[in-house]
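The values are calculated or read from the model by the stated rules, or taken from the named source; none is laboratory data. Keep in mind it's a predicted model, so treat the numbers as computed, not measured. Cβ atoms come from the backbone with ideal geometry, glycine included; neighbour counts cover every protein chain shown. Ligands, DNA and RNA are excluded from the accessible area calculation, which covers all protein heavy atoms including side chains. Shrake-Rupley method; radii C 1.70, N 1.55, O 1.52, S 1.80 Å.
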2 protein chains.
Amino acid sequence: MSADAYPGTQAVQRAVTVLKAFTDAQPELGLSALARVVGLNKATTYRLLTALEREGLIARTGTREQYRLGPELIALGVRAMRSSDVRAVSRPELETLARATGETATLEVLADGDVLILDEVMGSHLVSATHWVGTRWHAYATSTGKAMLAFLPNAQLRDALPTRLALSGRGTRTRADFYKELEKIRAQGFATNVEELETGFAAVGAPIFNHDAQVIAAISIGGPRTRFTDKVIKQLAPRVKQAAARISQQLGFRP
Amino acid sequence: MSADAYPGTQAVQRAVTVLKAFTDAQPELGLSALARVVGLNKATTYRLLTALEREGLIARTGTREQYRLGPELIALGVRAMRSSDVRAVSRPELETLARATGETATLEVLADGDVLILDEVMGSHLVSATHWVGTRWHAYATSTGKAMLAFLPNAQLRDALPTRLALSGRGTRTRADFYKELEKIRAQGFATNVEELETGFAAVGAPIFNHDAQVIAAISIGGPRTRFTDKVIKQLAPRVKQAAARISQQLGFRP
DNA sequence: ACACTGCGGTTCACATTATGAACCAACGTT
DNA sequence: AACGTTGGTTCATAATGTGAACCGCAGTGT
């Protein structure tokens, strides 16, 4: 059934399929369930699982009855994160942004509908260390998240959005309103977040495109609403947008 | 050469070997270099790489000449991180610890300078039920608390410690003495608590580290001093330490 | 006590699948 | 212009991975 596509290493492809079968919704799976999900024979699935377990990419629950993603994947993920070239290219831009404004600059990517912080440079104002890296937020309530969502193909956008768009403090936003906001973001090239995620916090974000003109990340400057007045946000927006554009350009993006 | 070990899925094992070849020191590798590192035929390596690239676990540099770990690996890593939270991973270790020793095993984290009990498995000896979960103690007077404090960065340690270090029964301890004890704990990898918290109660605790080598929790075995003689404590310490190490490993910690 | 159904795990004959020596074409040095 | 690289490709060979059918077990409804 599944378009087997290319020749070559089938076992590897299947193994990866097995890994991808573990979602946040289903972080633990039994052998039979897993075989059903990935559409493979139980014996095959079992062999793949044990092979992956030997390598540490798969672990088992205490009772050894269920499987889940293993510790080695965390290590690999961290390494992948570090070696991602968006990160390398963005670093200097984040630093100049943070130095020039005194606020905190972040680099974020989409991961399963959430926004994942890849890198961060603290401004002069805040005290907290850089332990935000690795945390996640709802994409639709962050400046970076919205900046990315706005430039996503429709099909992917639908997957990335949850059914309800909850906001801090205020109630739920309608889908129509949200789409209208995305359109505005597309037009102006940046997105804002004013106390949507957390009261007292505001940010401006702009998208980063790869050589293939696809959104792959976003950067932002954020800080307390007391300093991030509407006027300040308006001043910061073009800076963030330009920094993002420079990064995109370095990644091979040609408008 | 490499002991092929078990039968079964060789391609998968090799594919994982390829992934693991990318280190922080060598985040980008060419085909030939990679083949040399993993000791595989160039053709084989190439097939594995393209299969992995198709799945997004491997990406290529802008010029498409070098390979590196791909974005999908970040997503998988994050998922692995989420699905292996301390509590779930620690559970089985606590259980075996409690069963093997007959004493009560606990999992604790730091919260505002206090130690907070996250989970607990009762041994066969005590009567009290598991309603300890959720209670808090002074970190500096518990085995788990000290185990965590000992491995905390200095800045955080200062925040976590109160100005006075009161002890049950005995008077106040000097800061210098306490730092000296922390140093010892760091050296031996575990901490003890002999009637510091409460007369008649003793415990051994060991720290748990996350993928980023930060202390995030600690486990302990505790019981009445009548059974927890100095000799018994010495016997239990390595067990606790090893259990903690296993948990850390499952969380992605690489010593 | 029963058959029934699900589970994780195992077996083994079979052939699909992965393998690697040898091969290109292209680039940089010498 | 011969050499030593590189990334990428070919193809005959057999080793590798495959999956239907199997096991023992635990739970469940009868």
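Of all residues in region A:8-62, those satisfying the criterion of being free of Cβ contacts under 8 Å to residues at least 12 places away in the same chain and within 9 Å of chain B (Cβ to nearest Cβ) are A:Gly8, A:Thr9, A:Gln10, A:Val12, A:Gln13, A:Val16, A:Lys20, A:Arg47, A:Thr50, A:Arg54, A:Gly62.
Please list, ordered by residue number, the helices (runs of 4 or more DSSP H) wholly in region B:145-255 having 3 or more residues that are open to solvent by less than 60 Å² (accessible area, probe 1.4 Å). Break it down stepwise before answering.
Details: elements: B:154-160, B:175-188, B:230-250.
Correct list: B:175-188, B:230-250.
For the structure I just gave you, tell me whether A:Ala80 is modelled with pLDDT under 90 and within 16 Å of DNA strand D (Cβ to nearest atom). Judged against the criteria, A:Ala80 is not a match. When each of B:Leu57, B:Leu19, B:Leu69, B:Leu52 is tested for being within 13 Å of DNA strand D (Cβ to nearest atom) and not assigned by TED's automatic domain parsing to the domain that holds B:Val232, the lone residue that passes is B:Leu52.
Could you please let me know if B:Leu97 is open to solvent by less than 70 Å² (accessible area, probe 1.4 Å), farther than 22 Å from A:Leu52 by Cα and away from DNA strand D (no atom under 14 Å from the Cβ)? Full working, then the answer.
Values: open to solvent by less than 70 Å² (accessible area, probe 1.4 Å): yes; farther than 22 Å from A:Leu52 by Cα: yes; away from DNA strand D (no atom under 14 Å from the Cβ): yes.
Taking the combined requirement at face value, the residue satisfies it.
Any residue that is over 29 Å from A:Phe22 (Cβ atoms), part of a strand (DSSP E or B), open to solvent by 20 Å² or more (accessible area, probe 1.4 Å) and away from DNA strand C (no atom under 16 Å from the Cβ) - is there at least one of those in region B:49-72? Among the residues of region B:49-72, not one is over 29 Å from A:Phe22 (Cβ atoms), part of a strand (DSSP E or B), open to solvent by 20 Å² or more (accessible area, probe 1.4 Å) and away from DNA strand C (no atom under 16 Å from the Cβ), which makes the answer no. Pairs meeting the criteria (first residue in region A:183-199 and assigned by TED's automatic domain parsing to the domain that holds A:Lys146, second residue of a type in the set (Val, Ile, Thr) and part of a loop (DSSP other than H, G, I, E, B), beta carbons under 8 Å, at least 6 apart or on different chains) are A:Asn193/A:Thr142; A:Glu196/A:Thr142; A:Leu197/A:Thr142.
If a residue has to be within 9 Å of DNA strand C (Cβ to nearest atom) and open to solvent by 10 Å² or more (accessible area, probe 1.4 Å) to count, how many in region B:26-48 make the cut? Full working, then the answer.
Restricting attention to region B:26-48, the residues satisfying the condition of being within 9 Å of DNA strand C (Cβ to nearest atom) are B:40-48.
Pick out the ones that are also open to solvent by 10 Å² or more (accessible area, probe 1.4 Å) and you get B:40-44, B:46-47.
Residues meeting the conditions: 7.
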